[in-house]
Every structure is written in structure tokens, then in C-alpha cells.
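Take a look at the structure set out below.
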Amino acid sequence: MSRISVAVACGVLVLGVGSRAQAQVKVIPGDRVTVSATVEAVEQSTRTVVLRSKEGALRTVQLGPTAQIGNIKVGDTVSATYYENIIIRKKPAGEPDVDTLEAAAQRGNTKAGGTIGLQQAVTATVTAVDMNAPSISLSGPRGWTYSSKVQDKKALEQLKAGDKIDITWTEAILVAVTPAK
């Protein structure tokens, strides 16, 4: 839910950017974050790996059933890159609602690692616009609701109760394991 909240807050801020086309689209590139850690322990029976960050913090990670845990050894370096991207689109009248979730995973070419991707799209309905606050309230599938203050009044002026917007966000994580020297 928090990713939807961030997506909506960011998207409403930028709906007014660009042309005044009926179906405006705005891509909000997310952060790309890469972290590295050293493997401190591997527990095959529980499928857990203990990682130590460069700052010295320890974190235990539970690996899924397809992870190549047998290829991970103490001293290996694990590098993970996380990326997200958000697209907000004012929906034209009469277009069907969306509510999709797609996931994909692929093993990497290294001894351990791979890529996991997730993309979710929902149609949200504007339930209220308050130009005095300024704020917006939305509702969506499965009882989802959200309200937030909006900084860009010009973008907010383009929306009214009953309007629909599509929110699509994509997340991906790439994990690579480098053997200890």
C-alpha cells in the first residue's frame, strides 16, 4: 500500500506537466539503489544467509525455494540493485478499469543470483478534491482508499470527483554473488 501512496502523491503532483491531451501520461523514474554486503554465514536447512554491510550491520535474509543457496559461500560478496518506476495516466472516459499484477524471475549467469520483476497496475477513482487544503482522495480495487495533500494546485485543478487515473508501478531487483578471493 505504501508504494501506491507514494505513486499517487508523486503522480498527482505532476499530472499537469506536459500537454493537455485527454489521456495525459507522466513517467516518474524511481531511485536506483545498489547495496553490497559480505556473506557471514549460510544455513542450508533454513535457507538463510547472514550478510554484513560495509557499515558492519548484520542482516539475515531468507531465500526462496529456487534460490541457488548451495552456490553461496562465506566470504562471497552479494550485490543487489533495486529500481522502481511509476507511471500515472489520467484515464479517458469509457476506458475499462485495470487491476493487474505480473511477476517474473530469471536466474543469472553467475554462480548465484538473478532478477526478479513485479509490475502492478490499478485504476483509482478520484473521490474528492479539496482546493483549500489542497488535497485529493482516491479509491480503488479491493477496498483501497488513499488521501494526501498535493503541492501542485495546477495539477489538482485538472481533476474532479469521479475522474479516473491509472497507476502503474514497476519494481525490479538484480542480485549478483561474487565469489570470495
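The values are calculated or read from the model by the stated rules, or taken from the named source; none is laboratory data. Every value quoted in this text rests on a predicted model; they were computed, and no experiment measured them. Methodologically, a virtual Cβ is constructed for each residue, glycine included, from the backbone with ideal geometry; neighbour enumeration extends over all protein chains shown.
Assorted remarks:
Here's the yes/no breakdown for (1) under 22 Å from residue 95 (Cα atoms); (2) surrounded by 17 or more Cβ atoms within 10 Å (Cβ to Cβ); (3) at pLDDT 95 or above:
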site	(1), (2), (3)
112	no, yes, no
140	yes, yes, no
153	no, no, no
167	yes, yes, no
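- The number of residues in region 34-69 that are farther than 26 Å from residue 118 by Cβ, of a type outside the set (A, V, I, L, M, F, W, C) and exposed (fewer than 12 other Cβ atoms within 10 Å of the Cβ) comes to 5.
- Yes/no for residue 104 being over 24 Å from the mean Cα position of the chain (by Cα) and loosely packed, with under 12 Cβ neighbours inside 10 Å: no
- Subset of region 132-155 [farther than 17 Å from residue 87 by Cα and assigned to a helix (DSSP H, G or I)]: 141, 142, 143, 153, 154
- Condition met for residue 121 (touching a strand residue (DSSP E or B) at 6+ places or on another chain (Cβ under 8 Å), small (Gly, Ala, Ser), assigned to a strand (DSSP E or B) and within 30 Å of residue 37 (Cα to Cα)): no
- Within region 86-110, the residues that satisfy the criterion of being farther than 22 Å from residue 152 by Cα and modelled with pLDDT of 90 or more are 94, 95, 96, 97, 98, 99, 100, 101, 102, 103.
- Residue count for region 169-181, restricted to those that are surrounded by fewer than 19 Cβ atoms within 10 Å (Cβ to Cβ) and either among the charged types (D, E, K, R) or more than 30 Å from residue 40 (Cα to Cα) (or both): 3
- Just one residue in the set 122, 78 is farther than 23 Å from residue 169 by Cβ and of a type in the set (Val, Ile, Thr); that residue is 78.
- Any hit, region 79-88, residues being farther than 22 Å from residue 122 by Cβ, out of contact with any His (no Cβ under 6 Å at 6 or more places or on another chain) and either loosely packed, with under 12 Cβ neighbours inside 10 Å or not β-branched (Val, Ile, Thr) (or both): yes
- Restricting region 51-87 to residues that are in a loop (DSSP other than H, G, I, E, B) and aliphatic (A, V, I, L, M), the residue that is nearest to residue 40 (Cα to Cα) is 74.
- Given (1) small (Gly, Ala, Ser); (2) out of contact with any strand residue (DSSP E or B) (no Cβ under 6 Å at 6 or more places or on another chain); (3) assigned to a strand (DSSP E or B), index of the condition residue 93 fails: (3)
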